[in-house]
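See below for the structure under consideration.
The values are calculated or read from the model by the stated rules, or taken from the named source; none is laboratory data. Everything quoted here is computed from the prediction, not taken from an experiment. We place every Cβ from the backbone using ideal geometry, glycine too, and count neighbours over all the protein chains shown. For accessibility, only protein heavy atoms count, side chains too; no ligands or nucleic acids. Shrake-Rupley method; radii C 1.70, N 1.55, O 1.52, S 1.80 Å.
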Amino acid sequence: MRKPLVAALFALVIAGAGVAPAVAAPVTTDGATTKTAVMKAATTVAATTKAAATKTSAAPAIQAVNFAGTVSLSNCSGSVIRFPNSEDNDPALVMTNGHCLETGFPEPGEVIVDQASSRTFGLLNASATRVGTLRASKVAYSTMTDTDVTIYQLTRTYEQIKSSYGISALTLADTHPVAGTAITVVSGYWKRTYACNIDGFVYRLKEGDWTWKDSLRYTSACQTIGGTSGSPVIDNATGKVVAVNNTGNEDGERCTENNPCEVDANGNVTVREGTNYAEETYQIVPCFGIDNKLDLSRTGCTLPKP
């Protein structure tokens, strides 16, 4: 959620693809930017491998985090998701950020449901190879109020995707994440991962006109960049999605666009330059019922309503 695409491209070129965490990446990149992304990706993979080896003794059930089930959008990242009670014949869903919506950023207080869409997504396998194209039938839900999420309903079921490509959806965890948990942010746009831990949680995260509740803050190792918006944040121990990557403070400014600030329950403001954030996803689970149908009146559903 940073700059228009042309400005984002300019910033990436000038900064050498530096910290640009919250926004849709440019649809095209120049050679220098692509080279930088590839070099950084290689470094990240090596760091991730080393970190995983270090943590093995402390977390015995570590899952191998890969790209299977993630997707690339024209300007963001995302993932094919399911809920703990979803069935194989349910229409599949794709999750990304609210600010990645193809019709533009939802306004503060705006909630979009059941909006027609034919957007396409590039489906990736475990090694980040694009193996197919998925298509939306509608935007099931989208908002940038309290959270930053868009959920698309697809034209295919989970079973049809598995049959065609051998790829299963990622499951959303239905409980609040825990500080200190080892996580991986998986970007389908850049085909790159970022490994770190959950540093803590933010009572309110304010960026420009938008405010998000109970946001997840990364430790410093997760230096996500433009185009990682909408990436699933995966708990390394369970393989489940606990959040969706969305923003970071670039310049140390206070509560401006591209520079979110933390606000505690007493109204005290903290600015953490270079720190990146995600929005939790466990609260989405109670809002979808049988056949993956959105029902904002279901017990336990706290997502904003239209």
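Listed values, structure above:
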quantity	calculated
Filter result for Asn276 (within 17 Å of the chain's Cα centre (by Cα) and either crowded, with 16+ Cβ neighbours inside 10 Å or among the β-branched types (Val, Ile, Thr) (or both))	yes
Flag for Cys287 being open to solvent by less than 20 Å² (accessible area, probe 1.4 Å) and over 19 Å from the mean Cα position of the chain (by Cα)	no
The listed residue being of a type in the set (A, V, I, L, M) and either modelled with pLDDT under 95 or open to solvent by 30 Å² or more (accessible area, probe 1.4 Å) (or both), out of Ala169, Ala221	Ala221
Matching residues in region 232-253 - criterion: being in contact with a strand residue (DSSP E or B) (Cβ under 7 Å, 6 or more places away or on another chain), farther than 19 Å from Thr219 by Cβ and either surrounded by 17 or more Cβ atoms within 10 Å (Cβ to Cβ) or modelled with pLDDT under 95 (or both)	Lys240, Asp251
Residue under evaluation Phe105, criteria (1) farther than 16 Å from Thr147 by Cβ; (2) in a loop (DSSP other than H, G, I, E, B); (3) within 17 Å of the chain's Cα centre (by Cα), criterion not met	(1)
Complete set of residues in region 79-107 that are hydroxyl-bearing (Ser, Thr, Tyr) and touching a residue at least 24 places away in the same chain (Cβ under 8 Å)	Ser79, Ser86, Thr96
Qualifying residue in region 88-98 (condition: open to solvent by 50 Å² or more (accessible area, probe 1.4 Å) and under 21 Å from Cys287 (Cα atoms))	yes
Qualifying residue in region 75-86 (condition: modelled with pLDDT of 95 or more, surrounded by fewer than 18 Cβ atoms within 10 Å (Cβ to Cβ) and of a type outside the set (Val, Ile, Thr))	yes
Subset of region 135-149 that is touching a residue at least 60 places away in the same chain (Cβ under 8 Å) and open to solvent by less than 10 Å² (accessible area, probe 1.4 Å) - its residue that is nearest to Thr120 (Cα to Cα)	Ala140
Residue selected from region 99-134 under the condition more than 19 Å from Ile284 (Cβ to Cβ) and hydroxyl-bearing (Ser, Thr, Tyr), by the criterion surrounded by the most Cβ atoms within 10 Å (Cβ to Cβ)	Thr120
